[in-house]
Amino acid sequence: MTPGQRAEALILEFGIASPSELDVEAIACDGGMDVRYEPLDGCAATLAGIKNHAIATVRPSGNRGRERFSVAHELGHWNLHRGQSFRCRVDDQSENLASDAKLEKEADSCAAHLLMPRYLFDPAIRSGTNRPSFKHIEEVARAFEVSMAAAIIRMAEVDSLPVIVASYNAQGIRWRAAAPHVPRRWRLHQTLDQDSFAYDVVSAGKTERCAGKQSADAWFSNDGAGEYEVIEHAMPALKGEVLVMLYLTDVEMFEISVAGRKFEQRNYEPFNFGREPC
Ligand SMILES: [Zn+2]
């Protein structure tokens, strides 16, 4: 069982049936970790543990989603990395996706499973639509009290939709996450292409969200990408960044060629190919 699966098993043990019941402080307390909210210098949260008891100190941020993620992240450290103390710099999973800190990523994964267990999160994300928009995901993020970035990363992880999510700024890509069954061969551009909607957000200061069909070569550096189409959603984010969600709706993007024969790797349910609002 992976650390994430263990976190989800814990939520099931509590008999939690809706996101409003995900009381992360109570879950932490049950696991021997008390939570305090106090000002901290230079980090978002700390963890100090002795024997079977730990204290997590979280810097109040005024953003409940980030505070909850910090608590769940420290609980991840407590469950996975017992015996060590931590000073954690960030309170959002996207920051650690942009770095290469193994223990931090493990704690983030644990936190994401704990706050957004698949059995609650996946049905919520897909309720009433087979291609969720940022507006819909925002409603789900609010219900689960998590950030938009945390929600779209988790949406890719649960692997029920053929999606790649990413964040860019004017310098280039900051982080990316792909649904596990999306073929690894699709390589995102390192900087935004001028034809993408996301480029207009970062470089032209466009403040509205946008979604629509897009030639895949606006996003992927693979030879022949222009033969395919994707659906791009772009949304302004903090610090001059843009959140991007790409749906790979073209079944041929899932084909692999072995010894001259083509096989389809697609593991996702078919989409409706309706017009996108922009
Ligand atoms: Zn940490």
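On the beta carbon distance between Glu13 and Asp34, with R0 = 30 Å, the FRET formula returns roughly 0.90. By the beta-carbon count within 10 Å of each Cβ, the least crowded to most crowded order of Phe134, Phe144, fewest first, is Phe134, Phe144.
For the chain, the normalised intensity computed at q = 0.07, 0.12, 0.16 Å⁻¹ comes to -0.27, -0.77, -1.23 (log10 of I(q)/I(0), Debye sum over alpha carbons, equal scatterers, no solvent). The angle between the Cα long axis of helix 3-13 and the main principal axis of the chain comes to about 70°, on a 0 to 90 degree scale. For the chain, the longest principal axis of the Cα atoms and the long axis of helix 64-80 meet at an angle of about 70 degrees.
Taking the 0 to 90 degree range and rounding to the nearest ten, how far is the long axis of helix 134-144 tilted relative to the main principal axis of the chain, both from C-alpha atoms? With rounding to tens, the tilt is 20 degrees. Counted over the range 3-116, the DSSP beta bridges are approximately 65% antiparallel. The stretch between Ser127 and Arg185 holds 17.9 nm of extra length on full extension. This uses 0.36 nm per residue minus the Cα-Cα distance. In this structure the amide hydrogen of Thr249, modeled in the peptide plane, comes within under 5 Å of the amide hydrogens of Ile231, none closer than 5 places in sequence on its chain. Here the range 179-234 and the range 95-168 have alpha carbon centers that stand 20 Å from each other. For Lys102, the lysines whose Cα comes closer than 26 Å to its Cα, not counting residues fewer than 8 places off in the same chain, are Lys51, Lys239. Among Lys102, Lys206, the ranking by other beta carbons within 10 Å of each residue's beta carbon, starting with the fewest, stands as Lys102, Lys206.
Which order do Ser61, Ser203 fall in if you start with the one that has the fewest other Cβ atoms within 10 Å?
The order, fewest Cβ neighbours first, is Ser203, Ser61.
Secondary-structure-derived ellipticity at 222 nm for the chain, considering helices only, amounts to -10000 deg cm²/dmol, per-run term -39500 (n - 2.57) for DSSP H runs with n ≥ 4. Listed values for the range 232-245 are Karplus-derived 3J(HN,Hα) couplings in whole Hz (6.51 cos²θ - 1.76 cosθ + 1.60, θ = phi - 60°), namely 9, 10, 10, 9, x, 10, 6, 6, x, 9, 10, 8, 10, 10, and x replaces Gly and Pro.
Give the calculated FRET efficiency between Lys51 and Met1 to the nearest 0.05, with a Förster radius of 22 Å applied to their Cβ-Cβ distance. It comes out at approximately 0.35.
Bear in mind these aren't lab numbers, they're just calculated from the coordinates by the rules spelled out. Quick caveat: nothing in here was measured; it's all calculated off a predicted structure. Here the Cβ is made from the backbone with ideal geometry for all residues, glycine too, and neighbour counts use every protein chain on show.
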